[in-house]
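Below: one structure, written as structure tokens.
The values are calculated or read from the model by the stated rules, or taken from the named source; none is laboratory data. Note that the coordinates shown come from a computational prediction; the quantities given were computed from them, not determined experimentally. Here the Cβ positions follow ideal geometry from the backbone for every residue, glycine too, while neighbour counts run over all protein chains shown. For the accessible areas, the whole protein counts, side chains as well, though only heavy atoms, and no ligand, DNA or RNA atoms are used. Shrake-Rupley method; radii C 1.70, N 1.55, O 1.52, S 1.80 Å.
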Amino acid sequence: MADPKLTAPRGTRDLLPEDAPWWERAETVARELAHRYGFSRVEIPLFERVELFARGLGESSDAVEKEMFRVSGARGSDEERAEWALRPEPTAGIVRAFIEHGMHVRPGPLRLTTIGPMFRYDRPQAGRYRQFTQWDVEVIGDPGPAVDAELIELGHRFYRDLGIAGVEARVNSIGDATCRPAYREALVTYFAAHTERLTDDSRRRLHLNPLRVLDDRHLDPELAAGAPRSVDHLCDACRAHFETVLRLLDALGCAHVVDHRLVRGLDYYTRTSFEFYVAGREGQQDALGGGGRYDGLVELLGGPPTPGIGFGIGLDRTILAMQAQAVPLPAPPPLVAVVGATDDGVARLRVAGALRDVGIAVRPDGSARKLGKQIESAVKAGARWAVIVGEGELERVALKDLASGEQRDDLDIPAVVAAVRLT
RNA sequence: GUGGCCUUAGCUCAACAGGCAGAGCAUCGGAUUGUGGCUCCGAAGGUUACGGGUUCGAAACCCGUAGGCCACCCCA
């Protein structure tokens, strides 16, 4: 039993070998798709100033209000004692980098992607961790609406390529600086007349961030049904934008439903919002990813007015869905064990090297154990083949198929390579 | 941050109403001196999550703490 004080911090997990193939698969598909959609990889720090997240996500967002994972600074200068926080999401940092490096002068729109850990100080549960991993894509400088649909289509393609069935996009439009103020007032007026039917949280948010009252799952269904809908308050430009997004999604065959209660009620979030849900995990952590347009964010953080849109997909939950649906994983390349009980060990390493030279995965057994033990160990390690090195010239070896048990003797290395490559 | 359930070997779980902590699987070794899987034999593996309390005696009962899960909250 491990020392209880020396365990992984609450809400964090170790990635163990048995889960690695799932992560490899999800990350590989994400990176390959990002490349195929014209995205370039970026990396940003795991921590930033608290103020960046406070402004980038909004003071009233849960991520800032109660889930910020603060990092205590060092002693010393003001700089060293600045307030830091582990990143709860990547968009603020990427936009910060966009501004800091003057990327608005680059030929745009820019397509940026990253994969990495995010941190939220929340109470852990299955599918909800304090450290979790997101695949993120951002398009900066493209006003849409085509790119809005393209990103939703990209999300769908990601889940489909992984073999996850039953993913649905929920989409909404929350307008922009032109039309949202009036919508916001309409919500305040409507809910203010029914405050006795609101939860405490919703009452508090009513004036701070009225759109988020719609988020409240305890919202009286009758009250919710009668609430003003953002799509009915869109200005002409926002309505045209949203209608085009929906039309493109239909044309692309992307499963989606309009969810009038899907909101991101901060001033710099604009127009298109969307989240990806998977069937069969209702009531659990069933949101696999989400994103939206943030046409006001670059300017808010000090850059030139620049539209932007992106999404973050949670790989932890994606992998839980893959495992729940038992999606097939591609077979790994065959592993070859090199064993032998009569050589001095050098021959085994030289044979292993010769096979590695041509790209074959090799697990040599350098031990002095009996040959039977070496083969047993190789099978348990997942080896598909065993190359048995004997006495005499190391160019002549035996190749044993560990699945069928068949063995061919007296082969040279090229013959071994040819046989292995057929699997 | 609120409420509930849970925690015994690496894993899955036993252990009467409080009386010597066990099994299966996995691991390692032997039977088998250069050929795995089946079988048989053996070994190792425990501060019963942690800390207190009650008791002649606690894995079990009580309190606290930590962690996991579930429902909230929210989201990824």
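Tabulated values for the structure
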item: Members of region A:7-60 that are more than 11 Å from RNA strand B (Cβ to nearest atom), assigned to a helix (DSSP H, G or I) and of a type in the set (A, V, I, L, M, F, W, C); result: A:20, A:22, A:23, A:26, A:29, A:30, A:33, A:34, A:50, A:52, A:53, A:54
item: Test result for residue A:204, closer than 18 Å to residue A:274 by Cβ and free of Cβ contacts under 8 Å to residues at least 12 places away in the same chain; result: no
item: Residue among A:139, A:64 that is of a type outside the set (Ser, Thr, Tyr), within 23 Å of residue A:298 (Cβ to Cβ) and not in a helix (DSSP H, G or I); result: A:139
item: Unmet requirement for residue A:30, which otherwise passes all of (1) in contact with a strand residue (DSSP E or B) (Cβ under 8 Å, 6 or more places away or on another chain); (2) closer than 22 Å to residue A:264 by Cα; (3) buried (at least 20 other Cβ atoms within 10 Å of the Cβ); result: (2)
item: Cβ-Cβ under 6 Å pairs, at least 6 apart or on other chains, region A:257-284 side more than 16 Å from residue A:214 (Cβ to Cβ), far side at pLDDT below 90 and not small (Gly, Ala, Ser); result: A:277/A:286; A:278/A:286
item: Whichever residue in region A:287-303 is more than 16 Å from RNA strand B (Cβ to nearest atom) and small (Gly, Ala, Ser) and, among such residues, is most open to solvent (accessible area, probe 1.4 Å); result: A:302
item: Candidate set: region A:304-319, residues that are farther than 12 Å from residue A:133 by Cβ and open to solvent by 10 Å² or more (accessible area, probe 1.4 Å); chosen: the one nearest to RNA strand B (Cβ to nearest atom); result: A:307
